[in-house]
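Engineer: Mind having a look at this structure? Questions to follow.
We did not get these values from a lab; they are worked out from the coordinates using the rules stated. Computed from a predicted model, the values in this text were never measured in an experiment. Here the Cβ is made from the backbone with ideal geometry for all residues, glycine too, and neighbour counts use every protein chain on show.
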Amino acid sequence: MIYLNGFNEFHVVFVVRSMLMATLSLYFFLKIYRSDEILEINRSPLFWLSIGLFLFCTGSIFTMGLGTSIMRFNSQLGYLVNMLNPILNIYLYIMFIVSFSCSRQNPGFY
C-alpha cells in the first residue's frame with residue numbers, strides 16, 4: 001500500500017484496500033455458512049468485527065470511489081456523499097465496541 005500510495009491518489013488506494021477487506025469479510029461469512037458448528041453470534045467477536053468491516057468497506061467503496069467524481073459535477077451532492085463517511089465510521093466503531101464487549105469464551109467459531 002505504501003508503494004501504491006506514492007504513485008496514485010489516496011482515494012484509489014483506499015478503494016482497493018476496501019475491496020480487499022470486503023472480500024475477506026465475505027469469505028469469513030461463507031466459511032461460517034458452510035461450517036457444521038453452531039455459532040452463538042452474541043458471543044462471537046469476530047462475527048461483529050466482520051459485519052462492521054464489511055458494511056464500512058462497501059460503503060467506503062461507494063463514497064471514496066464516486067465522491068470525487070460527483071464533487072466535480074455537483075458540489076452539494078458531493079458534499080452529501082462525503083458526509084456518509086463519518087456515519088460509516090461511527091457504525092464501524094459501534095461494531096468494535098460490540099465485539100469487544102462479547103464474551104471471549106466462545107465454544108464455536110473464532
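Engineer: Please state the shape class of the stretch 11-110: rounded when a/c is under 1.5, otherwise prolate if a/b exceeds b/c and oblate if not, all from the C-alpha gyration tensor.
Structural biologist: Taking the square roots of the gyration eigenvalues as a ≥ b ≥ c, the stretch 11-110 is prolate.
Engineer: A further question on this structure: Based on the mean of other Cβ atoms within 10 Å per residue, sort peptides 37-45, 92-100, 12-20, 52-60 so the most packed one is first.
Structural biologist: With the highest mean Cβ count within 10 Å placed first, the list reads 52-60, 12-20, 92-100, 37-45.
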